[in-house]
Amino acid sequence: MTNQASTTIKFQSGEQIPVELHKVRIVQKLFLKPIDERMEAIEKGGYNTFLLNTKDIFLDMLTDSGTNAMSDNQVASMLQADDAYAGSQSFYRMEKALRDVFGKQYVLPVHQGRAAENIISQVFIKEGDVIPMNYHFTTTKEHMELNGGKVLEIYTDEALKIKSDVPFKGNIDLDKLKGVFEEYGKEHVAFVRMEASTNLIGGQPFSMRNLREVKKIADANDTMVVLDASLIGENAYFIKKREEEYKNASIKDILLEMCGYADMVYFSSRKVSSTRGGGIVIDSHDLFLKMRDLLVLFEGFLTYGGMSVREIEAMAVGINETCDDTVISQSPSFIEYAVNSLDAEGVPVITPAGALGCHVDAKGFLPHVPQTEYPAGALAAALFIISGIRGMERGTISSVRDENGEDILADVELLRLAFPRRVFTLSQTMFMIDRLKWLYKNRELVGGLKWVEEPALLRFFMGRLTSTNDWPQKLIAKFKEDFGDSL
Ligand code: F0G
């Protein structure tokens, strides 16, 4: 059967509509609770969408991590799982699949992406090292800093612009990368990290050309390139769509070429292969030996790495499905539809549409809420109240405080509405678009947030906040006025 290059199809009207190229055979019931109950739920959850209970949520757009729909073949594969502490056949099947897709010999399984970051940071970062990268990810940065490293983000001028038509905002600035080696000396650069479909700047990809050049610069300085491949499938899809040279290439060949420019590839399987887990893949036996013992210490034996054998089987199938155009284009197609529909109505969203989710610019949406009152967090809470949709704050709450206790204001304040693969339908997507448009029209009713309980580490996960005044009550009153008894 031939693959569709994209799940977006032209309708009679000329409109491009994303169509679900799969059928739904197992379903899970959802509830859209009345607005007063949603309000109670967000208050109980300290205005932090991480602390909500899924029984109170209608559309869970918090993340695509561990929430992609599994395929029939993935679920079927779990039945052949081979339970064994060591030497499980399930591991060898997964190892073969990862070798095929990533083109690297050695596979170190870990229980999820941040476990790979822990091991890589412990082994390769020493006190005072710098790690240049296209952009940080929250857990990545914490692990690197815990090991004495300093993260240097050397993105291009376009990267943080909300509205743009630059196809590869995830590119690293090559001149600045050369400058890092000149300034710090190659012996103080632990490695260069490239993150596929750069998460925190809106799922924005880098180009193959950029990665190729990064590899040349790193090689000239005897330094490793480490590729975070958690969202590599989507990055490959954008290379195919946006980089002329690759328009006829298969996703599989693009993935192999990308990994060929990296000395080490690590990933969260919760994203890339639609099951729990993660891994590190390398070609060098020397690198393998350096990490092997820590893996056994932190994760488990080399043939399971903290994963269940069922997950390992599903990963083997899932990673191959990531090479399928239909599978990999589904989420970006729906995101593109949402982003373009919202952008057309003037709702500030990151353009061009990227991977992982639709990213709403909270600073543009709520210009009257200062960053010290967390506009992205406030927007996430407001959207939940008026729709039951759970998004994720990716702004100053996800940042940290400086040595004087002041918030380090995030470069961008985003509300991320994730589209896990093959989970949401078009009418659910339309509901999301409709409620966001309504909220934008009534944006002056949304106010800020303040801390009630602020954890010292990764505060966005468990922190509790409250509204700065009674803005949620005013928002609810307006909602009832406009929608009456409707949910
Ligand atoms: N790297 C990237 C680019 C990620 O997006 C994530 C996780 C990780 C590493 C860590 O992997 O969660 O398996 O330990 N991103 C999730 C998200 C949490 O919601 O974007 P993990």
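Tabulated data
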| read-out | value |
| --- | --- |
| Computed Rg/Rh of the range 265-394, alpha carbon atoms with Kirkwood Rh | 1.11 |
| Cα-derived Rg to Rh of the chain, Kirkwood definition | 0.96 |
| Cβ crowding within 10 Å averaged over residues, with 82-89, 27-34 ranked highest first | 82-89, 27-34 |
| Degrees, to the nearest 10: 309-321 long Cα axis against longest axis of the chain | 90 degrees |
| Helix axis angle, 285-298 relative to the chain longest principal axis, alpha carbon, degrees | 50 degrees |
| Extension gain, Thr54 back to Val75 (0.36 nm per residue minus Cα-Cα distance, nm) | 5.3 nm |
| Stokes-Einstein D (µm²/s) once Rh is taken as the Kirkwood radius of the range 72-321 over alpha-carbon pairs, at 25 °C in 0.890 mPa s | 135 µm²/s |
| Order of Met144, Met194, Met39 - criterion: other Cβ atoms within 10 Å of each residue's Cβ, fewest first | Met39, Met144, Met194 |
| Contour minus Cα-Cα distance for Asp434 and Glu43 (0.36 nm per residue) | 138.4 nm |
| Long-range amide H partners of Val110 with built H, under 5 Å | Gly278, Gly279, Ile280 |
| Rounded FRET efficiency, nearest 0.05, which uses the C-beta distance separating Leu487 from Lys10 and R0 of 51 Å | 0.95 |
| Degrees, to the nearest 10: 174-184 long Cα axis against longest axis of the chain | 70 degrees |
| Positive-end extreme of charge dipole, the range 72-321 - chosen from Val192, Val272, Leu177 (charges on Cβ) | Val272 |
| Neighbour-count ranking [beta-carbon atoms within 10 angstrom, fewest first] of Ser329, Ser269, Ser399 | Ser399, Ser329, Ser269 |
| Between the range 129-176 and the range 1-54, the alpha-carbon center distance in angstrom | 30 Å |
| Ranked Thr372, Thr351, criterion: other C-beta atoms within 10 Å, fewest first | Thr372, Thr351 |
| DSSP beta bridge pairing in the chain, given as percent antiparallel to the nearest 5 | 65 percent |
| Label-point separation, Val19 to Lys290 (7 Å along Cα→Cβ), nm | 5.0 nm |
| Separation in nanometres of the label points that stand 7 Å from Cα toward Cβ, at Lys96 and Asp253 | 2.5 nm |
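All of the numbers you see were taken from the coordinates with simple rules; none came from a lab. Predicted model only: the values in this text are computed from it and were never measured. Glycine gets a Cβ as well: all are built from the backbone with ideal geometry, and neighbour counts include every protein chain shown.
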